[in-house]
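Contents: one structure, followed by commentary.
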Amino acid sequence: MKRIGMLTSGGDCQALNAAMRGVVKCLSCSGEPVEIYGFLEGYKGLIYGNFRMLTGADFSGILTKGGTILGSSRTPFKLMREPDENGLDKVEAMKQNYYKLRLDCIVILGGNGTHKTANMLREEGLNVVTLPKTIDNDLWGTDMTFGFQSAVNIATDCIDCIHTTAASHGRVFIVEVMGHKVGYLTLNAGMAGGADIILIPEIPYDINKVVDAIKKRSERGSKFTILAVAEGAISKEDAALSKKEYKKKMADYKYPSVSYEIAEKIQKKTGLDVRVTVPGHTQRGGSPCPYDRVFASRLGAQAGRMILNGEYGFMVGYKNREIVKVPLEDVAGRLKMVEPDSDIIQEAKMLGISFGD
């Protein structure tokens, strides 16, 4: 009998359910008896022993369902070693709930913060297998994360829709795409949607270069310009500030987000009409696209096989079009960034896309 715990942590995204379904289907098809304990609302469920036993019926019909049947929450890694408001040792509580249920393994689906805690649990002696979930595609050790392609599709659809209204009114439109630290989502959606300017965190922008790109389009007869801007885009001036100086600036920040600051500066420098569109959490929602359904199912199946083989302490990743095992200690605490000199950036520039640099 295999006794498996399972939880989804951090921001939700498409294909979490498909990935969990893949794990359970693999285990069930092996012929070995299995019990699945689903911890509710991420690590909170593991800390406070809030779980329910899951049956095959729970995983039926969820391949196409967005979100997560277990619920999710953000439990910052930096607070994991701190007692809760009642003095509870969170790490010890998670270990005790794991041992109380006599689990053979816990399957954890999540992004960067989630993997830091997963690796900590591995260091504490628990058997852990993880799956790479994030719309940002910024997890170290894997070329792709599930949820990313679905989010790209949604952000691209938004840019596609903006094209017609931007052309009709001759406006500058800014579409703000999710991504605080990493720009993969903005880069891919911007290229797929035909954005003229793409601003991402890894390439600090010069607002004058952005304005120049808009003016050149106008001089060529283009009546509109579309910018895909990551929510974490940063100017060269701000990038040069120390962390303390930048934090002080942001404490007095008057704009809802960086896109509104950029919009105001463009309007003042060009006199053009500028609008901002923020698709926000729609990028996390809805059904997973077919690619993510297949990809998450494959990762889930491989996680199931690893559990059956007793291979613990790994994230199931994807490198060079192959499913791979990545040691958790290699993943935790590392971000996969867009390289400013990467092929895709250079190719985007060949297409005439400006990055404001």
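The values are calculated or read from the model by the stated rules, or taken from the named source; none is laboratory data. Since the structure is predicted, the reported quantities are computational estimates derived from the model, not experimental observations. Note that we place each Cβ from the backbone using ideal geometry, even for glycine, and neighbour counts take in every protein chain shown. These area figures cover heavy atoms from the full protein model, side chains too; ligands, DNA and RNA do not enter into them. Shrake-Rupley method; radii C 1.70, N 1.55, O 1.52, S 1.80 Å.
Would you kindly calculate the translational diffusion coefficient of segment 40-82, applying Stokes-Einstein with the Kirkwood radius from alpha carbon pairs, for 25 °C and a viscosity of 0.890 mPa s, and quote it in µm² s⁻¹ without decimals? Rounded, D is 203 µm²/s.
Coordinate range of the alpha-carbon atoms in segment 318-357 per principal axis, descending: 39, 23, 10 Å.
Taking every DSSP helix (H) stretch of at least 4 residues in the chain, weighting each as -39,500 (n - 2.57) and dividing the sum by the residue count yields a mean residue ellipticity at 222 nm of -12000 deg cm²/dmol.
By a 1.4 Å probe calculation restricted to protein chains, Cys13 has an accessible surface near 0 Å², given to the nearest 10. Rounded to the nearest angstrom and listed largest first, the equivalent-ellipsoid semi-axes of the chain from its Cα gyration tensor are 41, 22, 17. Membrane-span-like helices in the chain, defined here as complete DSSP H runs extending at least 24 Å along the helix axis by their C-alpha atoms with mean Kyte-Doolittle hydropathy no lower than -0.5, are 148-169, 290-308; this is a sequence and geometry rule, not a statement about a membrane.
Cross-linked pairs Lys269/Lys349; Lys215/Lys248; Lys133/Lys209; Lys181/Lys254; Lys244/Lys336: Cα-Cα separations exceed 30 Å for Lys215/Lys248; Lys133/Lys209.
The residues packed around Arg74, meaning those with a beta-carbon under 12 Å from its beta-carbon, carry a net charge of 0 if Lys and Arg are +1 and Asp and Glu are -1. Sparsely packed loop sites in segment 288-357 (the trypsin sites (Lys or Arg not before Pro) outside DSSP H, G, I, E and B with at most 11 other Cβ atoms within 10 Å) comprise Arg321.
For segment 1-58, the Kirkwood radius over C-alpha pairs fed into Stokes-Einstein at 10 °C and 1.306 mPa s yields D = 132 µm² per second. For segment 100-215, the Kirkwood radius over C-alpha pairs fed into Stokes-Einstein at 20 °C and 1.002 mPa s yields D = 129 µm² per second.
Sorting the Cα pairs of segment 179-308 by distance into bins of 10 Å, from 0 upward, gives 10, 34, 29, 15, 9, 3, 0 percent per bin. Considering only the Cα atoms of segment 252-355, their convex hull presents on average a projected area of 11.5 nm². With all pairs of different C-alpha atoms in the average, the Kirkwood value for the hydrodynamic radius of segment 1-139 is 15.1 Å. Comparing Lys248, Lys236, Lys116 in a Gaussian network model of the chain (Cα springs below 10 Å), the most mobile by mean-square fluctuation is Lys248. Surface analysis of segment 192-265 yields an accessible area of 53 Å² per residue, using protein heavy atoms and a 1.4 Å probe. The H on the amide N of Ile323, modeled in the peptide plane, is under 5 Å from the matching H of no residue at least 5 residues off or on a different chain.
Solvent-accessible area of the chain (1.4 angstrom probe, protein heavy atoms only): carbon and sulfur portion equals 50 percent. Inter-label distance, Asp157 to Asp104: 4.0 nm, where each label sits 7 Å from its Cα along the C-beta direction. The value obtained for segment 166-246, namely the Cα convex hull volume divided by the number of residues, is 87 Å³ per residue. The alpha carbon centroids of segment 81-112 and segment 282-331 are separated by 22 Å.
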